[in-house]
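*Asks:* Got a structure here, written out as structure tokens. Questions coming.
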Amino acid sequence: MYAHTLQGTRHTFPDLRTLLARATPARSGDQLAGIAAESATQRVAAQLALADLPLQTFLTETVVPYETDDVTRLIIDMHDPTAFAPIACMTVGAFRDHLLAIDDPAPLRSGLTPEMVAAVSKICRLQDLIAIAAKCKVTTAFRDTIGLPGRMSVRLQPNHPTDDPHGVAASTLDGLLLGAGDAVIGVNPATDSVQGTTSLLHMLSEIVERYAIPTQTCVLAHLTTTMRCLENGAPIDLFFQSIGGTQATNESFGVSMNLLKEAHDAARSLNRGTVGQNAMYFETGQGSALSANAHHGVDQQTIEARAYAVARAFSPLLVNSVVGFIGPEYLYDGKQIIRAGLEDHFCGKLLGLPMGVDVCYTNHAEADQDDMDTLLTLLGAAGVTFVMGVPGADDIMLSYQSTSFHDSLYVRETLGLKPAPEFEDWLGKMGLSGGATPDRIPAKLAPALAGLA
Amino acid sequence: MTAPTLWRDLRQYTPARVALGRVGAGLPTAAHLAFQADHAAARDAVHAALDIAQLQTALSETKLTATAVRSACPDRPTYLRRPDLGRRLREEDRETLQPAPCKIAFVVCDGLSALAVQRHAAGLLALIVPALEPDGPIVIATQARVALGDDVGEALHASAVIVLIGERPGLSTPDSLGAYLTWAPHVGRTDADRNCLSNIRPEGMPVAEAARKLIWLATEMRARKLSGVGLKDEAPMLAATANSTSLGAP
């Protein structure tokens, strides 16, 4: 039982998950689940009670049972008491103050649980989420180095409604001409089949080889599909999977810890990286657990942070919160999407993940391009590892709006951010640095090399 | 065909917004405002109210009649926030649906695009109703999601229900209609129990082609007394909804 008296009224919260849910800034998904605060005052009372909570509590009271949930077991079993020691006597409120005061939160990483970072995020304003995340340096590498200070990478997302190879190649070339693609060239396949995924893998691999691009490719099929493509000898750089913050959510995605471990082992043995071997790519998003009826009465932001515990067990190259994709029943409008995007980035970075955000919305959400500009700019200030690059911000396969190649150019130019160093050198060799982009495609990037003739 | 050398030539390969040009880091005015116009059309489609009288008039031209019901959502903001209410009939409307066991009932839902329903539903029904010789009613449902058809089907004691529904608008596709077939409809059915045709619109799957597929699928469903993944296995060219991309809706 947790309680706080505010303005003469005593507010009580029967358990930790209820306290966390009531303390969460308003969002439609928690309201749909029936766990959100019932008034603005109750929310702040919960935040005050949460601020007084010792961090130790998160090691003794779990929000999802240890016995029945393998994500909880992962969180508890991997906790590092030595890294936790400097903050072991702090409350959540004191931890927020500490994070704002210190220069480098990285040494704490393995001592932090997702619930601790989710809790502290709930008593942070946006500027706190930005300032603290900006101090978290996370670097990963495969064929280029992602996450160095002063850099922001872009996933080139050349989706096509029928996986037409010419269509994918044209969007890929368009993105390269606008400086995108250093995080990954990653296609969401329209059809999740071994045959279709294999042909896309070969096609992307050939483009990267012929243009000699220091980057990696990925077809975002289900992990079981990718593993079957591997058996067929397809060229696989990154192993992708959507993951969630409870065992039941992951089961709804058709994945288990064993499957993730199998893929991680396979990726390491392939040894396809040149400057590093981080070979996993995960996507997450608030609301997936509620959508799968697998949330255990826990608020969607805390569950989302728990997904990062799964991610960090497999040393990923990239982790991406697809924040506005799921729809208005989970994040209703631009305000909720903006807050959630910054929370996810903050929690992922504190836990040591190479965190990107798909700054995006659907047409039935109360959001527009202005909201996306706001979130993108704030994420740039927060040091986001990577964002998406979609031609004209319009994903014609998934039918949602993400950030465009132009949007990433805007952030890089306005905030003085550069691509990954190896990719920056490549852009220079191709004559694409400095912002001058000719109408005529440079000879070194001849479309024929991408299969367009 | 010779290899393209100009950036704008990339447009021939994809409907994606490639080769938009560039002013500084930004989009040229024309491309920026073209995007805004498309988003506005999609937004208007999401928030447009279904003109029930107009739809009934269109149906009457092929001698079809329909009754109108509503979901438990009083308005569009509630509809967008509460998918659970959009799947349930308003109580007073449930009482108007008298149990009358039938083979197939049709439910036309506004979904996320009344525009799609207004443009394509009557034409599609005009092709499929005579072919299927259904003995159940046509019900028009507003503020409705796909699973509202289960509630209607259960109230009517229908053997099967076919739901036509406005799909979530994409940036260039504000008027896309979906069709869902469910055998033995009852509250609690999931998407895995249904078969789905998507993207019904002139530039996607034209109404005539959708009608042909729907008639085939409905005939198979009745013969085999099942829908969903089991039926999909027999007809690989027709996707079960479990395999389609789902974005929160329907």
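*Asks:* Residue check, residue B:207 against (1) out of contact with any strand residue (DSSP E or B) (no Cβ under 9 Å at 6 or more places or on another chain); (2) at pLDDT 95 or above, all met but one. Which one?
*Replies:* Looking at each condition in turn, residue B:207 falls short on (1).
*Asks:* Mind checking which residues of the range A:280-303 are in a loop (DSSP other than H, G, I, E, B), over 14 Å from the mean Cα position of the chain (by Cα) and away from chain B (no Cβ under 11 Å)?
*Replies:* Matches in the range A:280-303: A:292, A:294, A:295, A:296, A:297, A:298, A:299.
*Asks:* Could you check the range A:271-301 and list, in sequence order, the residues that are among the charged types (D, E, K, R) and over 15 Å from residue A:36 (Cβ atoms)?
*Replies:* In the first step, residues of the range A:271-301 are kept if they are among the charged types (D, E, K, R); the result is A:272, A:283, A:299.
If the condition is that a residue be among the charged types (D, E, K, R) and over 15 Å from residue A:36 (Cβ atoms), then A:272, A:283 are the ones that fit.
*Asks:* Now for a different question. So which residues in the range B:26-40 are among the hydrophobic types (A, V, I, L, M, F, W, C) and crowded, with 18+ Cβ neighbours inside 10 Å, if there are any at all? Outline the logic, then answer.
*Replies:* From the range B:26-40, those among the hydrophobic types (A, V, I, L, M, F, W, C) are B:27, B:30-31, B:33-35, B:37, B:40; that's our starting set.
Answer for the range B:26-40, where residues must be among the hydrophobic types (A, V, I, L, M, F, W, C) and crowded, with 18+ Cβ neighbours inside 10 Å: B:27, B:31, B:35.
*Asks:* Only residues that are touching a residue at least 60 places away in the same chain (Cβ under 8 Å) and farther than 25 Å from residue B:47 by Cβ: list them for the range B:74-98, please.
*Replies:* B:94
*Asks:* Also, quick follow-up: Given the condition away from every other protein chain (no Cβ under 12 Å) and under 22 Å from the mean Cα position of the chain (by Cα), answer yes or no: does some residue in the range A:434-445 qualify?
*Replies:* no
*Asks:* Go through the range A:99-126 and give me each residue that's assigned to a helix (DSSP H, G or I) and under 23 Å from residue A:318 (Cβ atoms).
*Replies:* Once the filter is applied, which keeps residues that are assigned to a helix (DSSP H, G or I) and under 23 Å from residue A:318 (Cβ atoms), the range A:99-126 yields A:106, A:108, A:109, A:110, A:114, A:117, A:118, A:121.
*Asks:* Condition check: at pLDDT below 95, at negative phi and of a type in the set (Asp, Glu). Does residue B:150 satisfy that? Full working, then the answer.
*Replies:* Details: at pLDDT below 95: no; at negative phi: yes; of a type in the set (Asp, Glu): yes.
No.
*Asks:* Still on this structure, I have one more. Hey, can you tell me all the residues within the range B:22-33 that are more than 9 Å from chain A (Cβ to nearest Cβ) and either touching a His at 6+ places or on another chain (Cβ under 8 Å) or under 21 Å from residue B:170 (Cα atoms) (or both)? Explain how you work it out, then say what you get.
*Replies:* Taking the range B:22-33 first, the residues more than 9 Å from chain A (Cβ to nearest Cβ) are B:23, B:28-30, B:33.
Hits for the range B:22-33 are B:30, B:33.
*Asks:* Residues being outside any loop (DSSP other than H, G, I, E, B), in contact (Cβ under 8 Å) with a residue 24 or more places away in the chain and closer than 21 Å to residue A:103 by Cβ: count how many of those fall in the range A:127-147.
*Replies:* Filtering the range A:127-147 for residues outside any loop (DSSP other than H, G, I, E, B) gives A:127-134, A:140-141, A:145-146.
Then drop every residue that is not in contact (Cβ under 8 Å) with a residue 24 or more places away in the chain, which leaves A:128-134, A:140-141, A:145-146.
Still in the list and also closer than 21 Å to residue A:103 by Cβ: A:128-134.
Number of matching residues: 7.
*Asks:* Let me ask something else about it. So in the range A:375-392, with the set limited to residues that are part of a helix (DSSP H, G or I) and within 18 Å of the chain's Cα centre (by Cα), which one is farthest from the other protein chains (Cβ to nearest Cβ)?
*Replies:* Initially, the range A:375-392 is screened for residues part of a helix (DSSP H, G or I), giving A:375-382, A:391-392.
If we keep only those that are within 18 Å of the chain's Cα centre (by Cα) as well, we get A:375-382.
Details: A:375: 16, A:376: 12, A:377: 13, A:378: 18, A:379: 16, A:380: 12, A:381: 17, A:382: 20 Å.
If we take residues in the range A:375-392 being part of a helix (DSSP H, G or I) and within 18 Å of the chain's Cα centre (by Cα), then A:382 is farthest from the other protein chains (Cβ to nearest Cβ).
*Asks:* Give me a count of the residues in the range B:217-233 that are surrounded by 14 or more Cβ atoms within 10 Å (Cβ to Cβ) and farther than 11 Å from residue B:193 by Cα.
*Replies:* Start the filter on the range B:217-233 by keeping residues that are surrounded by 14 or more Cβ atoms within 10 Å (Cβ to Cβ), which leaves B:217-218, B:220-222, B:226-232.
Right, trim to farther than 11 Å from residue B:193 by Cα and you get B:217-218, B:220-222.
Here the count works out to 5.
*Asks:* In the list B:136, B:178, which residue meets the criterion of being in contact with a Cys (Cβ under 7 Å, 6 or more places away or on another chain), within 21 Å of residue B:85 (Cα to Cα) and not polar (S, T, N, Q)?
*Replies:* On the way: B:136 fails: within 21 Å of residue B:85 (Cα to Cα).
Exactly one residue qualifies, and that residue is B:178.
*Asks:* Looking at the structure I just gave you, is residue B:67 under 30 Å from residue B:156 (Cα atoms) and in contact (Cβ under 8 Å) with a residue 12 or more places away in the chain?
*Replies:* On the way: under 30 Å from residue B:156 (Cα atoms): yes; in contact (Cβ under 8 Å) with a residue 12 or more places away in the chain: yes.
When the stated conditions are applied, residue B:67 passes them.
*Asks:* Let me ask another. Looking for something of a type in the set (Gly, Ala, Ser), closer than 22 Å to residue A:145 by Cα and either more than 8 Å from chain B (Cβ to nearest Cβ) or assigned to a helix (DSSP H, G or I) (or both) - is there at least one such residue anywhere in the range A:406-413? Working first, answer last.
*Replies:* First, pick out the residues of the range A:406-413 that are of a type in the set (Gly, Ala, Ser): A:408.
Then drop every residue that is not closer than 22 Å to residue A:145 by Cα, which leaves A:408.
With the extra rule that they be either more than 8 Å from chain B (Cβ to nearest Cβ) or assigned to a helix (DSSP H, G or I) (or both), the set shrinks to A:408.
Scanning the range A:406-413, I find at least one residue that is of a type in the set (Gly, Ala, Ser), closer than 22 Å to residue A:145 by Cα and either more than 8 Å from chain B (Cβ to nearest Cβ) or assigned to a helix (DSSP H, G or I) (or both), so the answer is yes.
*Asks:* A further question on this structure: Can you tell me which residue among A:313, A:340, A:305, A:279 is surrounded by fewer than 24 Cβ atoms within 10 Å (Cβ to Cβ) and modelled with pLDDT of 95 or more? Explain how you work it out, then say what you get.
*Replies:* Working: A:340 fails: surrounded by fewer than 24 Cβ atoms within 10 Å (Cβ to Cβ); A:305 fails: surrounded by fewer than 24 Cβ atoms within 10 Å (Cβ to Cβ); A:279 fails: surrounded by fewer than 24 Cβ atoms within 10 Å (Cβ to Cβ).
The match here is A:313.
*Asks:* Give the residue that is nearest to the chain's Cα centre (by Cα), with candidates limited to residues of the range A:141-195 that are more than 22 Å from residue A:430 (Cα to Cα) and of a type in the set (S, T, N, Q).
*Replies:* So, considering only residues that are more than 22 Å from residue A:430 (Cα to Cα) and of a type in the set (S, T, N, Q), the one nearest to the chain's Cα centre (by Cα) is A:188.
*Asks:* Another one. Any residue in the range A:354-365 that's more than 8 Å from chain B (Cβ to nearest Cβ) and over 16 Å from residue A:376 (Cβ atoms): show its pairings with residues that are hydrophobic (A, V, I, L, M, F, W, C) and surrounded by fewer than 24 Cβ atoms within 10 Å (Cβ to Cβ) at Cβ separation under 9 Å, as long as the two are six or more apart or on different chains.
*Replies:* Between residues of the range A:354-365 that are more than 8 Å from chain B (Cβ to nearest Cβ) and over 16 Å from residue A:376 (Cβ atoms) and residues that are hydrophobic (A, V, I, L, M, F, W, C) and surrounded by fewer than 24 Cβ atoms within 10 Å (Cβ to Cβ), the close pairs are A:354/A:138.
*Asks:* Only residues that are within 32 Å of the chain's Cα centre (by Cα) and part of a loop (DSSP other than H, G, I, E, B): list them for the range A:1-34, please.
*Replies:* Matches in the range A:1-34: A:14, A:15, A:24, A:25, A:26, A:27, A:33, A:34.
*Asks:* Something else now. State the number of residues belonging to the range B:3-21 that are at the interface with chain A (Cβ under 7 Å from one of its Cβ atoms) and free of Cβ contacts under 8 Å to residues at least 12 places away in the same chain.
*Replies:* Residues of the range B:3-21 that are at the interface with chain A (Cβ under 7 Å from one of its Cβ atoms), as a first pass: B:3-7, B:10, B:13-20.
Among the residues that remain, those that are also free of Cβ contacts under 8 Å to residues at least 12 places away in the same chain are: B:3-6, B:10, B:13-14, B:16, B:18, B:20.
Summing the residues that are at the interface with chain A (Cβ under 7 Å from one of its Cβ atoms) and free of Cβ contacts under 8 Å to residues at least 12 places away in the same chain in the range B:3-21 gives 10.
*Asks:* If I ask for residues that are more than 12 Å from chain A (Cβ to nearest Cβ) and assigned to a helix (DSSP H, G or I), which ones from the range B:73-114 would you list?
*Replies:* B:91, B:92, B:93, B:94, B:95, B:96, B:114
*Asks:* Please go through the range A:138-166 and pick out each residue that is away from chain B (no Cβ under 14 Å), touching a Gly at 6+ places or on another chain (Cβ under 7 Å) and of a type in the set (D, E, K, R).
*Replies:* If the condition is that a residue be away from chain B (no Cβ under 14 Å), touching a Gly at 6+ places or on another chain (Cβ under 7 Å) and of a type in the set (D, E, K, R), then A:143, A:155 are the ones that fit.
*Asks:* Tell me, please, whether a residue that is in contact (Cβ under 8 Å) with a residue 40 or more places away in the chain, out of contact with any strand residue (DSSP E or B) (no Cβ under 8 Å at 6 or more places or on another chain), not in a loop (DSSP other than H, G, I, E, B) and not acidic (Asp, Glu) can be found in the range A:179-198.
*Replies:* No, the range A:179-198 contains no residue that is in contact (Cβ under 8 Å) with a residue 40 or more places away in the chain, out of contact with any strand residue (DSSP E or B) (no Cβ under 8 Å at 6 or more places or on another chain), not in a loop (DSSP other than H, G, I, E, B) and not acidic (Asp, Glu).
*Asks:* Please give the number of the condition residue B:66 fails out of (1) touching a Leu at 6+ places or on another chain (Cβ under 6 Å); (2) at the interface with chain A (Cβ under 8 Å from one of its Cβ atoms); (3) among the small types (Gly, Ala, Ser).
*Replies:* Unmet condition: (2).
*Asks:* Evaluate the following for residue B:132: is it surrounded by fewer than 23 Cβ atoms within 10 Å (Cβ to Cβ) and in contact with a Gly (Cβ under 8 Å, 6 or more places away or on another chain)?
*Replies:* Working: surrounded by fewer than 23 Cβ atoms within 10 Å (Cβ to Cβ): yes; in contact with a Gly (Cβ under 8 Å, 6 or more places away or on another chain): no.
Here the answer is no, as residue B:132 does not meet what is asked.
The values are calculated or read from the model by the stated rules, or taken from the named source; none is laboratory data. Keep in mind that what you see is a predicted model, and the values were worked out from it rather than measured. Backbone-built Cβ (ideal geometry, glycine too); neighbour counts: all protein chains shown.
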